[in-house]
Structures are given as C-alpha cells and as structure tokens.
Amino acid sequence: MGSDARARELAGNLDEADISSRERAMIAFALRLTENPEDIRKAEIEKLRAEGLDDASIVDLVAVAAYFNLINRIALGLGVRLDEALVPGADPEELKKEMERLDGSA
C-alpha cells in the first residue's frame with residue numbers, strides 16, 4: 001500500500017486500519033498527546049511499554065509528535081501554503097478548500 005493510501009486508511013478509522021496493536025497504540029497516544037496533552041496519564045505510558053516500547057522509544061514518540069505539532073502551528077500561524085507539487089496525490093478540492101481557508105474566504 002502506498003503512503004498516500006496508508007495515510008487515508010489511518011485517518012479514516014484507526015480501529016479498523018490494518019496495523020499492529022503496537023502501531024495502533026503509538027498513533028492513539030500521539031493523537032491524544034496532540035489533542036489533550038494535559039490528560040495523559042501513567043497508564044497510557046504503561047500501555048506503550050506493554051506494546052514493547054522502551055523509555056527511549058517513548059521519548060522519541062513524544063518528541064516526533066511534539067515536533068509535528070510545533071511545525072504545523074508555525075505554518076498555520078504564518079499562513080504558509082503547501083506547494084501542490086510537494087503533496088503527491090493531494091486532492092485538488094481539499095487543496096482548494098485549504099487555500100480558501102488561508103485566504104479567509106472560506
């Protein structure tokens with residue numbers, strides 16, 4: 001499966017995606033960290049450990065999620081637009097909506 005199809009699959013329904021329980025736990029944790037970081041509890045860290053992640057891997061997971069959150073907020077805050085050529089397989093309608101949102105016309 002190509003990376004675009006894989007991303008769409010994961011964005012659609014994480015519970016039904018064809019991924020390992022370890023990958024599911026990592027993605028669920030990264031989403032929770034992104035959406036509600038103040039709600040992270042020790043039990044969630046322990047779930048990652050139960051899936052085979054050691055402390056260094058958990059730190060890496062947190063760092064990658066935090067990095068992408070930072071970069072996305074910088075880009076969105078400055079109104080940075082993605083070059084369509086850099087987004088292979090991008091839906092032209094979705095790109096148009098994003099451009100309109102950035103322009104304030106959406």
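At a glance:
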quantity: Kirkwood Rh and Cα Rg combined as Rg over Rh, evaluated for the stretch 3-79; calculated: 0.99
quantity: Contour minus Cα-Cα distance for LEU31 and VAL64 (0.36 nm per residue); calculated: 10.7 nm
quantity: At R0 = 41 Å, FRET efficiency that the Cβ-Cβ distance of ILE71 and LYS42 yields, to 0.05; calculated: 0.90
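Every number in this text was worked out from the coordinates using simple rules, so none of it is lab data. Please read these numbers as outputs of a predicted model, since none were measured by experiment. Please note: Cβ atoms are built from the backbone with ideal geometry, for glycine as well, and neighbour counts cover all protein chains shown.
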